Number of protein chains: 2
Amino acid sequence: MQAEIIAVGTEILLGQITNTNSTHIAQGLAELGIDSYYQTVVGDNPARLAAVIEVAAQRNDLVILSGGLGPTKDDLTKQTLAKYLNVPLVEDVAAMQVITDRFNQTQQVMTENNRLQALYPAGATPLTNHNGLAVGAFYQSPDSADFLLLPGPPREMTMMFDTEAKPKLQAAYGEQAQIYSRVLRFFGIGESKLVTELQHLINDQAAVTIAPYAKINEVTLRLSAQADTQTAAKALLDTTEAKIRDLVGDYLYGYGDDNTLVKVVIDEMIAQKLSITAAESLTAGLFQSTIGSVPGVSAIFPGGFVTYANAAKHQLVNVPQATIDADGVVSAATAKAMAQGAQQQLQTDTALSFTGVAGPDALEGQPAGTVWIGLAYRDQPVKAQLYHFAGDRQRIRERSVMAGLDLLRRQIAADETLKK
Amino acid sequence: MQAEIIAVGTEILLGQITNTNSTHIAQGLAELGIDSYYQTVVGDNPARLAAVIEVAAQRNDLVILSGGLGPTKDDLTKQTLAKYLNVPLVEDVAAMQVITDRFNQTQQVMTENNRLQALYPAGATPLTNHNGLAVGAFYQSPDSADFLLLPGPPREMTMMFDTEAKPKLQAAYGEQAQIYSRVLRFFGIGESKLVTELQHLINDQAAVTIAPYAKINEVTLRLSAQADTQTAAKALLDTTEAKIRDLVGDYLYGYGDDNTLVKVVIDEMIAQKLSITAAESLTAGLFQSTIGSVPGVSAIFPGGFVTYANAAKHQLVNVPQATIDADGVVSAATAKAMAQGAQQQLQTDTALSFTGVAGPDALEGQPAGTVWIGLAYRDQPVKAQLYHFAGDRQRIRERSVMAGLDLLRRQIAADETLKK
């Protein structure tokens, strides 16, 4: 079983947008165990599109087209495919109703070209567009390749692929070997170090394959097992995960493609009813806005401080001027005073502080990337840790936030008074 | 002149990484006025790669390959290309010196496969890799397509393409018509409204083409003029920009591909010596961390407040409990009190406040997306404005920040006491 993804859109060829649709579809194919050896991008040009469809249909069992289903004169994908298949376009009555309702509701006059969005190649199964008006289609052919037609806007495409297309692909090609996978997430260890530590496990990929992938500020490992049942796959994945944990478990913070360090840490803090605040200098609110992204954080986060200027450090979180004079702002003493001051102001269980050099210029003779993170945790003595981060201003600030979250994660994991 | 971009990498086919390399190269080709009708992705498989090279060389004048130049056994791009061209691989002496120096420096033993990174097809011009060890190449052929070989890691690829390859492409194909472009940036107007307003200008693209593009929370227009000299192009672009300004100039905030609303606003505030603070509820520090991303902001930004809980609104920026009781936290009165309190606390020229419903749940009976932004500006009466944003939690918070920046931009533009 082999599929090719064709993204249709002149704006991709001009570099105006990045082709994230093919990434999303490729991930889905990998999960379904469908091989994919080629991806193609072609513009909104019917002759070139027809040529690309022809080549793809010859070398694949399934051709997936995204883009060009809309109402404008540039949108010609389904017309071109219908011509290739030698079938007419027919109307999806339900989709047409949605389109006419939409225009009635907004009291706009519907121009004829909008009807195009409800058409699909005869013989196909139409696919509902939950985030737009253009209908998709899944065409199964006994004597040529099968075709999947998806819209171009990523919001429409991902929703249709995940909810409408994927179950149909699974049903159609279900006899294929099924791949079960598990994603492990690591922070604080680089990809090359992780790969070196796990080298013999990665080389010996008999039952379970291990694919490392460096994301921004973290690394994930995708474990994949081919098996007949989910139970059998789980046993294989558990065994491999246990071996990985023995070697690098200290850096493993969670699971899943869509998980994040902040979600794992804040969800645990909500569960443990541990309240938090922060005093931020170089990060300027980035830590607080990051924890603010987690729904439900209001239960444990009353608010906090951005203390960019020295005067604000003193005024808002009571850092003694003498501390700044003696040790400088980029120092353990200032980081500790900031964390302690923030914790006292808002009476929280824990407080983090960030003080350092975001760059591009040095500060107090210390280079960009020098960062102290302070941590006040319950009634324990306040701590501070020094980091040296590489990268530009934004990267240094992001790494500081991630390092702060990791400090918190380790502190909470080490707290034996908490129920685990 | 027509070019095709081929990205080589199994990890793209598996959806593990997004093919941003092709986007970057496509942008560069558009700037050079080189047409591109196809993009292809193929895995690290020599037979399929050879087939793809063959097809691309037949239908293009230039074929650009990225990926597969590294030292591992998967990296076969230049071997495959050399075979296609029927030339041997030769060593770039300077690149080999860099590789051996690197291994000497880190006192590691250099394995033989590392030498591969210094090889390129005989007859090509080697291209220096400023961010890595694998050398690139530009191969010009009198009787077939030309080839450009680039590394796969985006940091290495973008640097090599921009600094090494692009000037050589310009020199080689410089007889092509040159395209000059200018990017206009808009905030507060949607893409469809912008296109409707400018419809007759867009349709009448004789001398200057106008390409709209919706980015996250904003829209850009790329004006492109084909001309023999920069002066002639500038005159064409100026004329079109003036017509656009007449219609939608109120929403135009700046220029350039890499510009942002925050940069325009904060640079103007630094120039005008206007200091700023903020009190943030639903945005939880996102506004302050956004302005903190601009180098030099410390000159006008002492710090500020995240006031998530009601108690923090009262304690940190003196919002009277009576105001919250009478009007609720999602109200003009609370937004005004937050802005005024923040301004008074830190004695700044201006202060913004954000209070509203980030979601997913409603608050005080108001749906997610309901946001009040308060603005205290110098000694003017404090104002508050109501917004209704669509999208998920993160989107609502980002839109709030952008709306706050736009409020500031308009306030500063309207201040006639400032030197412009």
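Laboratory data are not the source of any read-out in this text; all were calculated from the coordinates shown. Owing to the predicted nature of the structure, the values given are computational and were not obtained by experimental measurement. Neighbour counts run over all protein chains shown; Cβ positions are idealised from the backbone, glycine included.
Efficiency by 1/(1 + (r/R0)^6): what FRET value for B:H130 and A:Q58, r their Cβ-Cβ distance, R0 = 60 Å, to the nearest 0.05? List each step's numbers first, then the result.
Numbers: r = 41 Å, r/R0 = 0.69.
Given R0 = 60 Å and the Cβ-Cβ separation, E is 0.90.
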Over 32 Å between alpha carbons, listed pairs B:K73/B:K168; A:K78/B:K193; A:K166/A:K273
A:K166/A:K273
May I ask for the angle, rounded to the nearest 10°, between helix B:46-59 and the longest principal axis of chain B, with both axes built from Cα atoms and the value confined to 0 to 90°?
80
At 7 Å along Cα-to-Cβ for each site, give me the label-to-label distance between B:N113 and B:A414 in nm.
6.5
Of A:T290, A:P367, A:A414, which is farthest on the positive side of the dipole of segment A:261-414, counting Cα position, with +1 on Lys and Arg Cβ, -1 on Asp and Glu Cβ, and the Cα centre as origin?
A:A414
Give me the percent relative contact order of chain B, please, defined on Cα pairs under 8 angstrom at least 6 residues apart.
10
What length, rounded to one decimal in nm, is gained on full extension from B:L386 through to B:A299, with 0.36 nm per residue of separation minus their alpha-carbon distance?
28.3 nm
With respect to the symmetry axis carrying chain A onto chain B, which residue of chain A exhibits the smallest Cβ distance to that axis, and what is the value in whole Å?
A:G285, 1
Could you state the angle between the C-alpha long axis of helix B:230-248 and the longest principal axis of the C-alpha atoms of chain B, as a value from 0 to 90 degrees rounded to the nearest 10?
30
Inter-copy label distances at A:K83, 7 Å along the Cα→beta-carbon direction, one decimal in nm, shortest first?
3.7
Copy-to-copy label separations for A:R102, where each label sits 7 Å from Cα toward Cβ, in nm and ascending:
5.1
Approximate shape of the protein assembly as shown as ellipsoid semi-axes (Cα gyration tensor, √5λ), whole Å, largest first:
45, 35, 30
For the pair A:N86 and B:D361, the simple spin-label estimate (label points 7 Å beyond Cα toward Cβ) gives in nm 6.1
What does the copy distance list look like for A:D258, label position 7 Å along Cα→Cβ, in nm and ordered from shortest?
3.4
Quote the charge dipole size of segment B:2-172 about the Cα centre in Debye, to the nearest 20; the model charges only the Cβ of Lys and Arg (+1) and of Asp and Glu (-1).
180
Helix B:20-32 versus the longest principal axis of chain B: what is the Cα-based angle in degrees, 0 to 90, to the nearest 10?
80
Partner chain Cβ atoms within 10 Å, averaged over the residues of B:276-284 - can you pull that number for me?
4
Nothing charged except the Cβ atoms of Lys and Arg (+1) and of Asp and Glu (-1): what's the magnitude of the dipole of segment A:211-361 about its Cα centre? Round to the nearest 20 debye.
140
What is the order of B:D392, B:D257, fewest Cβ neighbours within 10 Å to most?
B:D257, B:D392
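Can you figure out the FRET efficiency of A:A122 with A:I179, using R₀ = 35 Å and their beta-carbon distance, to the nearest 0.05? The partial results should precede the final answer.
Values: r = 34 Å, r/R0 = 0.97.
Computed FRET efficiency for A:A122 and A:I179: 0.55.
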What is the average number of partner chain Cβ atoms found within 10 Å of a Cβ in B:289-301?
5
Taking each residue of A:33-41 in turn, how many C-beta atoms of other protein chains fall within 10 Å of its C-beta, and what is the average?
6
Distance in nm between pseudo-label sites at A:A326 and A:Q2 (7 Å out along the Cβ direction from Cα)
7.3
